[in-house]
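In what follows, a structure is listed as structure tokens, so that the remarks can point back to it.
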Amino acid sequence: VQLVESGGAVVQALGPSCLSCAASGRTFSNSAMGWSRQAPGKEREFIVTISGDGGITLYTDTVKGRFTISRDNAKNTVYLKMNSLKPEDTAVYYCAGRRSWRISSSYNGYHFWGQGTQVTVSS
């Protein structure tokens with residue numbers, strides 16, 4: 001399975017941004033997907049996940065209410081829409097996929113990873 005992220009950019013604080021992750025190599029709807037991020041000098045943080053059918057989502061408190069995950073199974077793509085960005089959201093964002101349609105909030109629950117895309121929020 002290959003995951004390719006896109007959309008990383010430099011954005012102003014309080015502004016929006018959107019990331020995409022295109023998947024190939026596996027029936028996409030059978031895979032729960034998620035996003036994690038890693039800021040400089042910090043551990044990787046798993047921030048959001050979505051079930052294979054898109055019906056279940058789970059957000060970490062640090063992004064809840066500001067970020068929205070969605071997926072288009074016809075396009076084999078998962079999205080992360082980010083609003084009200086803060087400088088502390090600056091990180092490399094990674095797309096992840098599971099071998100199950102069920103969600104997992106654990107970093108170790110994911111089997112496929114993208115290469116990451118940089119999001120920088122300037123104050």
Residue in region 101-113 that is of a type outside the set (Gly, Ala, Ser) and under 23 Å from VAL11 (Cα atoms) present: no
Cross-chain or 6+ apart pairs with Cβ under 9 Å, region 86-97 first and of a type in the set (Lys, Arg), then in a strand (DSSP E or B): LYS86/VAL121
Only listed residue being in contact with a Gly (Cβ under 6 Å, 6 or more places away or on another chain) and modelled with pLDDT of 95 or more, chosen from VAL121, VAL63, VAL78, VAL92: VAL92
Among residues of region 83-111, those that are assigned to a strand (DSSP E or B) and more than 18 Å from GLY54 (Cβ to Cβ), counted: 4
Answer from LYS81, LYS64 - the residue that is without any contact (Cβ under 8 Å) to a residue 40 or more places away in the chain and either open to solvent by less than 60 Å² (accessible area, probe 1.4 Å) or under 30 Å from GLN12 (Cα atoms) (or both): LYS64
Scope region 1-17; condition buried (at least 17 other Cβ atoms within 10 Å of the Cβ) and within 15 Å of ILE69 (Cβ to Cβ); matching residues: LEU3, GLU5, SER17
In region 27-47, the residues that are farther than 15 Å from GLY116 by Cα, touching a Phe, Trp or Tyr at 6+ places or on another chain (Cβ under 9 Å) and either free of Cβ contacts under 8 Å to residues at least 60 places away in the same chain or crowded, with 16+ Cβ neighbours inside 10 Å (or both): SER31, ALA32
Of the criteria (1) open to solvent by less than 70 Å² (accessible area, probe 1.4 Å); (2) among the acidic types (Asp, Glu); (3) within 20 Å of SER123 (Cβ to Cβ), which one ASP72 fails: (3)
Residue within region 48-55 that is within 15 Å of the chain's Cα centre (by Cα) and among the acidic types (Asp, Glu) present: no
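The values are calculated or read from the model by the stated rules, or taken from the named source; none is laboratory data. Not measured: the values here are computed from a predicted model. Every residue, glycine among them, receives a Cβ derived from its backbone with ideal geometry; neighbour counts consider all protein chains shown. Accessible surface areas use protein heavy atoms only, side chains included; no ligands, DNA or RNA. Shrake-Rupley method; radii C 1.70, N 1.55, O 1.52, S 1.80 Å.
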